[in-house]
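Every number in this text was worked out from the coordinates using simple rules, so none of it is lab data. Keep in mind the model is a prediction, meaning the values are calculated, not measured. In this analysis, Cβ positions are derived from the backbone assuming ideal geometry, glycine residues included, and neighbour counts consider all displayed protein chains.
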Amino acid sequence: KNEVEQSPQNLTAQEGEFITINCSYSVGISALHWLQQHPGGGIVSLFMLSSGKKKHGRLIATINIQEKHSSLHITASHPRDSAVYICAVRYGGNQFYFGTGTSLTVIP
Amino acid sequence: DVKVTQSSRYLVKRTGEKVFLECVQDMDHENMFWYRQDPGLGLRLIYFSYDVKMKEKGDIPEGYSVSREKKERFSLILESASTNQTSMYLCASSLQGALINTIYFGEGSWLTVV
């Protein structure tokens, strides 16, 4: 069964804190995506990874293929980072499989 | 700027009505998807299409149908809306192939069936 597990489900942080969101999957993948969904619904792609690490501004995404695990880190968190973060994987076909999301609230 | 456009952001329909949700992408993507998103359940795939006139059922196709007559347009149809279809519906598209292609989403359509 293709399962994508995210943790934590909900996260509240003070502005400036370092944040980590985790994603685990059950079988080998071809690519893993981190997505961000702001209130109002629209989803944007933050990263697509097949190995190693990627950085964009204050966001860092890592993946460990052997352990079937990925993390999304946010450094110096800000209230505008408040959103739902979703992990999604592809196993080589056309379909994506999604975690249930991590709801992040950053308090000023 | 790549774009996936959903025709309606907010709809209120009556039980039994036929509902059309339209999605258009301007990126010449082969793959298009319809998902519904409910609290605690994440994104669930209703249908996807990998080419014009081609479609495949996702995890929850019951009560829905789709149409893809042109590459850029993918429509979701609720033949007879029911209250348990109240949800947020998201359209997405991507290129075929696994490694290099990301997925692009529309802004979502909030459907309430009363």
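Annotations for the structure displayed:
- Annotation for the stretch B:47-75 versus the stretch A:22-89: alpha-carbon center distance of 27 Å.
- Ordering A:H73, A:H38 by the number of other Cβ atoms within 10 Å of each residue's own Cβ, fewest first, gives A:H38, A:H73.
- Charge dipole of the protein assembly as shown (Cα centre as origin; +1 on each Lys and Arg Cβ, -1 on each Asp and Glu Cβ, all else neutral): 140 debye, rounded to the nearest 20.
- Linear extension gain, A:I107 paired with A:Q14, 0.36 nm per residue minus alpha-carbon span: 33.0 nm
- Among A:L104, B:L95, A:C87 - extreme Cα towards positive end, dipole of the protein assembly as shown, charges at beta-carbon: B:L95
- Packing-based exposure ordering (other Cβ within 10 Å, fewest first) of A:H78, B:H29, A:H69: A:H78, A:H69, B:H29
- For the pair B:K70 and B:E107, label points projected 7 Å from Cα toward Cβ lie 2.1 nm apart.
- Bridgeable lysines around B:K13 (alpha carbons under 29 Å apart, same-chain partners fewer than 8 residues away excluded): B:K3, B:K53, B:K55, B:K57, B:K70, B:K71.
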